[in-house]
């Protein structure tokens, strides 16, 4: 399954410029450096309270990135791909949100999303991750902690 997703992402990145009237080659700036795909896993720790809703923003402070895919989280309550703002993608950032009104909700640290990035060039991106809101089943704000991990899981 993972190989199919990566294959699809590579195909889209090669075909999209052709459809836009360009070529499958990257710009002069990026042909000099590397082009690679990296998952960024986002975790939220809600402590001992159930997590019912969240919204966060991710962007790169340094480095050149393109967001190429978004997956849901590890807990069944958030396994579906979350909502995101397509307009934010134009600025190489993403705002993601999800909610669940069910009874089986995660507690503690859980992966809420995986964002797939295409990194252009040799500069390793430095990410800025901002929690906008995290709420429990009563709609009350949670003092949650948001973190990320990059690269392949081992």
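The values are calculated or read from the model by the stated rules, or taken from the named source; none is laboratory data. What you see is a predicted model; the values in this text were computed from it and never measured. Every residue, glycine among them, receives a Cβ derived from its backbone with ideal geometry; neighbour counts consider all protein chains shown.
Scanning region 36-49 for residues that are surrounded by fewer than 20 Cβ atoms within 10 Å (Cβ to Cβ) and either at negative phi or within 14 Å of the chain's Cα centre (by Cα) (or both) gives 36, 37, 38, 39, 41, 43, 45, 48, 49.
Taking the listed residues 141, 100, the one that is without any contact (Cβ under 8 Å) to a residue 60 or more places away in the chain and surrounded by fewer than 18 Cβ atoms within 10 Å (Cβ to Cβ) is 141, with no other qualifying.
Tell me which residues, restricted to region 50-99, are in a loop (DSSP other than H, G, I, E, B) and more than 15 Å from the chain's Cα centre (by Cα). Can you show your working first?
Just the residues of region 50-99 that are in a loop (DSSP other than H, G, I, E, B), to begin with: 50-52, 63, 72-75, 79-82, 85, 92.
If the condition is that a residue be in a loop (DSSP other than H, G, I, E, B) and more than 15 Å from the chain's Cα centre (by Cα), then 50, 51, 52, 63, 75 are the ones that fit.
Any idea how many residues of region 106-141 are in a loop (DSSP other than H, G, I, E, B) and more than 17 Å from residue 42 (Cα to Cα)? So the count comes out to 9. Screening 22, 72 for residues that are modelled with pLDDT under 50 and in contact with a helix residue (DSSP H, G or I) (Cβ under 9 Å, 6 or more places away or on another chain) leaves exactly one candidate, 22.
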